[in-house]
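Each value in this text was obtained by applying a stated rule to the coordinates, not by laboratory testing. From a predicted model like this one, the values you see are computed outputs, not experimental measurements. All Cβ positions, even for glycine, are placed from backbone atoms using ideal geometry, and neighbour counts span all protein chains on display.
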Amino acid sequence: MATVIEQVRGEFCSACGQYLTEFEKSDRVMKRMNAFNREVNAAFVDPAYIVSVRKKLRLDQREAGEIFGGGVNGFSRYETGKTKPPLALIKLLKLLDHHPELLAEVRAA
C-alpha cells in the first residue's frame, strides 16, 4: 500500500536523517499521513479481538457467520488469523464493541 502527496517541498537533514517539509505544507502532510495510518491500521486486526467482540455479543461462530456473513468456517478463519476479515466487518465489529445495543438492529437489517 502506498500513498503520494503531491506538491510538497522540503529539505533532507543529514544530521538527523529526517525530511523536513516547508512549514505551510506540514499541516496538510500530517493530515494525509494520519489518514493513511488510520486506513492501514483499520485493515489489520488481531484475531483475538474478533473473538472477544463475538463473545461480548454472546454469539457463537455459527450465529456470527449468519449475521455478519462468511458462515461458521469463514468466522473461524477470521478468528484464527488464517483469513483477513473484510474492512467493513472490522469497522462493524469495532462499532458493536462500543455499542453492543446495536446488535438487534444489525440482526434485523
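Only the Cβ atoms of Lys and Arg (+1) and of Asp and Glu (-1) were treated as charged; on that basis the dipole of the chain about its Cα centre amounts to roughly 280 debye.
Secondary-structure-derived ellipticity at 222 nm for the chain, considering helices only, amounts to -18500 deg cm²/dmol, per-run term -39500 (n - 2.57) for DSSP H runs with n ≥ 4. Charge tally for Gln7 (other residues, Cβ to Cβ under 12 Å; Lys, Arg +1; Asp, Glu -1): +1.
For the options Val29, Val51, Val72, a Gaussian network treatment of the chain with springs between C-alpha atoms closer than 10 Å singles out Val29 as fluctuating the most.
Farthest toward the positive end of the dipole of the chain, out of Tyr78, Ser14, Phe36, is the Cα of Tyr78, where the dipole comes from beta carbon charges about the Cα centre. Taking a Cβ cut-off of under 10 Å around Phe75, the surrounding Lys, Arg, Asp and Glu residues balance to a net charge of -1, with basic ones at +1 and acidic ones at -1.
Residues considered: Leu92, Leu59, Leu20. Largest GNM mean-square fluctuation over the chain, using C-alpha springs under 10 Å, is found at Leu20.
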